[in-house]
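So the structure is just underneath, and the comments pick up after that.
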Protein chains: 2
Amino acid sequence: MIPYVNSPQNNTKVYIEIVKQLRFMIQHDGLKPGDRLPSERELSERLGVGRSSVREALRALELLGLIETRRGEGTFIRDFRGNQLVQLLSTFILQDQKAIRDVKETKFLIELDCLWLIIQKAEKDQLLKFKNWALEADYTDDEFFLEVVTLADNHLFLRIWMILKDYYNSLELKKMIVSQTEYAELIDTLISKNESEVIRVYKNLRKLSKG
Amino acid sequence: MIPYVNSPQNNTKVYIEIVKQLRFMIQHDGLKPGDRLPSERELSERLGVGRSSVREALRALELLGLIETRRGEGTFIRDFRGNQLVQLLSTFILQDQKAIRDVKETKFLIELDCLWLIIQKAEKDQLLKFKNWALEADYTDDEFFLEVVTLADNHLFLRIWMILKDYYNSLELKKMIVSQTEYAELIDTLISKNESEVIRVYKNLRKLSKG
DNA sequence: TTTTTTATAGTGGTCAGACCAGTTTATTTT
DNA sequence: AAAATAAACTGGTCTGACCACTATAAAAAA
């Protein structure tokens, strides 16, 4: 086949071109999450490039979380609404030890953001169900706020919060004890859509007078 | 050398291990943007793995924008602000309308968070200097809010915002026109530490009645 | 001496081929 | 028809070979 990728006047790297070709291929063939891509050897042949270059492109996309590879089976398109990327960047970025305060601060504010989003978006019966659960079930603080962030219905916030949560826990700070009634009270303020009360109750729950 | 990477009980992919080793190396040696990494051949030898595996790792990091490679010169650490990958991810990910809404929503709330942090933390003379700049200098909306996020003095928010900003710009939405006086008004509310006014002015600046 | 030119060693970019370790499919045996 | 076996495929990795380009050291010219 004619090597799209390796034509003389093209001076961009081969693996970048392969990424572009893959993107085109996915769009053109309407491939969806779960679908299989052609094998490395077939791509190599079809695009007229070496297999190692194909692999460089695929590995890059894999690290980005866009595809998934299973030995012996093949390469598959992934459900990439979340971004692996933030995951990865964070591990690069969060080496910085002095960022502890930033992590706490960010986690708190994002939790507040999600509470605010819930007020804007959530249905009342969703919240009532949530409250029942909060009163009866057994859960950790993380599990409670996972529900909150999920209810906020913003995938980016969910991803960011997940990372922050993990990092926060790795700090091994002393845990606050929060009673079920406090959680329930927070949900009540959501139901009543009282923004300032949400902030007050949340801060109190986190034992914060100030941010 | 002992191959860290290829020990028997380790069944994760070699290139992933190399990424981890690189991260460790960067942290341990305190490498900063602009610094050079060891050559591919040297890494291959030092880690006891094939050069092609090293390249898979490096290409992935390059696509992520974390490193930069110059033929004949070497591989360098980059001042990563998500640039490269955003272009790519945006076309892969952001076809989805909900994802687009999430990006807008998240950027909006994080900007508000930063404004709130400024009220808590910033010194008055910092803000006055900021206002002078806002009235006299020439800047884009991104540049203005980069100042805001910087003033919030939270590295994590800075990083997240940078990524979001790039995502957001890659959406190619129509830009709002904001006058210098509007920006200055926002800074005034910061100086007066009036939280509800900050929210109102910011929303107005973004032409939002609701989130 | 200083400058310029020229060779050389080093670096990333790419390819081809080999082998291993799994999975799937086809074939054979029971 | 079911089970066991063989073959064909797929990704994972390594090695060695070139090429193109850059930086450095050596040699030649000024």
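A 1.4 Å probe run over the protein chains yields, for the range B:84-205, 47 Å² of accessible area per residue, whole-number rounding. Once backbone amide H atoms are built at 1.01 Å from N, B:Ile67 has B:Glu62, B:Arg78 as its partners under 5 Å, excluding neighbours fewer than 5 places away on the same chain.
In nanometres and ascending order, the distances from the B:Leu135 label point to those of the other copies are 5.6 (point 7 Å from Cα along Cα→Cβ). Between A:Phe76 and A:Asp125, residue separation times 0.36 nm minus the direct Cα-Cα distance comes to 13.8 nm.
How big is the B-A contact in terms of buried accessible area, both chains counted, 1.4 Å probe, rounded to the nearest 100 Å²? Before the final figure, lay out the partial values.
Details: alone 13190 and 13480 Å², together 21890 Å².
Adding both sides of the contact gives about 4800 Å².
Within the full protein context, the accessible area of B:His28 is estimated at about 130 Å² for a probe radius of 1.4 Å. Surface calculation, 1.4 Å probe, protein heavy atoms: A:Lys121 sits at approximately 60 Å² accessible. In the context of the full protein assembly, A:Glu136 retains an accessible surface of approximately 150 Å², using a probe radius of 1.4 Å and ignoring ligands and nucleic acids. Taking label positions 7 Å along the Cα-Cβ direction at both B:Phe24 and B:Ser39, the computed distance is 2.4 nm, reported to one decimal. Placing a label point 7 Å from Cα along the Cα-to-Cβ direction at A:Gln120 gives distances to the equivalent points in the other copies of 2.0 nm, listed shortest first.
Relative to the other identical copies, A:Lys207 shows label-point distances of 4.7 nm, where the label point lies 7 Å from Cα along the Cβ direction and values run shortest first.
The values are calculated or read from the model by the stated rules, or taken from the named source; none is laboratory data. It should be emphasised that the depicted structure is a prediction, and the values quoted were computed from it without experimental measurement. All Cβ positions, glycine included, derive from the backbone under ideal geometry; neighbour counts span all protein chains shown. Ligands, DNA and RNA are stripped out before the accessible areas are found, and what is left, the full protein with its side chains, is counted by its heavy atoms. Shrake-Rupley method; radii C 1.70, N 1.55, O 1.52, S 1.80 Å.
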